[in-house]
Amino acid sequence: MLSGVLSLLFIGFLACKKTPPPKIVVTPLQTLVNTDTSLTLFHRMILQANDAGLLNDESVTAFIPRNNVLIQGGYPDSVIDSMSSAYADRILRYQFLSGALNLTGPGYTPNSTLLGVPLFIGLDASGNLLLNGSATAANTPTPVGKATVYFLSSLVPPGADSLPQLLQADTSISLFAQIMGRTNLYDSLLLSGGFSVLAPNNPAILSAGFDSLRIDTVAVDTLLPLALNQVVKGAWFSTTFPSALTTLTGGSITVSTTGGLQFAGSGNPTPVPWLHGDQVAGAGLILHYTNGILSP
């Protein structure tokens, strides 16, 4: 009888004994981001995107911007705090390669990212990394646990797996996005890749007499030549444009770097300046921004 009572007491003791909580392991990459005071904005973006998993101890290659680079790129704390979790996630995942850096030949080599959109990486004249034609990073990798980290000198332009996703995300080219939607140019011609889109900003579209209402009501046959003339054959970054380009109407566009990158056709007495760009839309489309309409 006594042994039975003791057995019950022992079983009760075991049942009441608490299981210790699992040990929290802080990875080397988490330690870097948590403790380096020059990475507070990057840390903030990680939290905004709910992407702490990106800092696991895995064999990835990370391109990390310090605070000054994010601020210069237009991402102070107020902007980071106001962006959607999905947008922050997209920015971050495009800066993480799924493996080691790949530089297999001259020019740009596509590297797989955690976003699923390739990041094109080459070397500049000084031997530093050049990402998507414009972003830069010193070619001095830092091992952090299993990860390899490069610190960005300038931001990687946002990427997306489709051109409409990029067009619709930027209100500065909303009128051109509307024209592209009306003409169905992306689905009908551009899905195969191998093109660069020179997107005029809203003031350029307005100066040509196309406000939002007119775009909705004007015949598609009128809009189509305008849209076709802003798309050139070849997927070019700002640093790789040849001296002459051919539009989807067959017209010729000349490229000049005098006074900055500029484009001109026979209908452009004043060259159209390149504003910014180098945004990858899938594997074979590059988006650039201009402030004029090209007229070959």
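The values are calculated or read from the model by the stated rules, or taken from the named source; none is laboratory data. Note that this is a predicted model, so its numbers are computed, not measured. Positions of Cβ are backbone-derived with ideal geometry, glycine not excepted, and every protein chain shown enters the neighbour counts.
Here residue 19 clears all of (1) loosely packed, with under 10 Cβ neighbours inside 10 Å; (2) among the polar types (S, T, N, Q); (3) at pLDDT below 60 except the condition numbered (3). Any residue at all in the stretch 209-226 that's assigned to a strand (DSSP E or B) and either basic (Lys, Arg) or closer than 27 Å to residue 114 by Cα (or both)? Scanning the stretch 209-226 turns up no residue that is assigned to a strand (DSSP E or B) and either basic (Lys, Arg) or closer than 27 Å to residue 114 by Cα (or both). Go through the stretch 204-221 and report how many residues are of a type outside the set (S, T, N, Q) and out of contact with any Leu (no Cβ under 9 Å at 6 or more places or on another chain). The total comes to 8.
Considering only residues in the stretch 201-240 that are free of Cβ contacts under 8 Å to residues at least 24 places away in the same chain and of a type in the set (A, V, I, L, M, F, W, C), the one that is surrounded by the most Cβ atoms within 10 Å (Cβ to Cβ) turns out to be 218. Checking the structure you have, find out if any residue of the stretch 254-275 is under 18 Å from residue 173 (Cβ atoms) and in contact with a helix residue (DSSP H, G or I) (Cβ under 6 Å, 6 or more places away or on another chain). No: the stretch 254-275 contains no residue that is under 18 Å from residue 173 (Cβ atoms) and in contact with a helix residue (DSSP H, G or I) (Cβ under 6 Å, 6 or more places away or on another chain). Residues that are outside any loop (DSSP other than H, G, I, E, B) and either more than 25 Å from the chain's Cα centre (by Cα) or crowded, with 20+ Cβ neighbours inside 10 Å (or both) within the stretch 275-296 comprise 277, 278, 279, 280, 281, 285, 286, 287, 288, 289, 290, listed in sequence order.
Residue by residue through the stretch 255-269, note down the ones that are touching a residue at least 24 places away in the same chain (Cβ under 8 Å) and surrounded by fewer than 18 Cβ atoms within 10 Å (Cβ to Cβ). 266, 267, 268 - these are the residues of the stretch 255-269 that are touching a residue at least 24 places away in the same chain (Cβ under 8 Å) and surrounded by fewer than 18 Cβ atoms within 10 Å (Cβ to Cβ). Considering the stretch 126-158 alone, what residues qualify as being within 13 Å of residue 108 (Cα to Cα) and among the hydrophobic types (A, V, I, L, M, F, W, C)? 129, 130, 131, 135 - these are the residues of the stretch 126-158 that are within 13 Å of residue 108 (Cα to Cα) and among the hydrophobic types (A, V, I, L, M, F, W, C). Only one of the numbered conditions (1) assigned by TED's automatic domain parsing to the domain that holds residue 278; (2) surrounded by 20 or more Cβ atoms within 10 Å (Cβ to Cβ) is violated by residue 147, and that is (1).
Tell me the residue from 203, 269 that is closer than 12 Å to residue 176 by Cα, of a type outside the set (A, V, I, L, M) and over 23 Å from the mean Cα position of the chain (by Cα), please. Just a single option satisfies the conditions, and that option is 203. Residue count for the stretch 175-205 under the criterion of being of a type in the set (Phe, Trp, Tyr) and in a helix (DSSP H, G or I): the result is 2.
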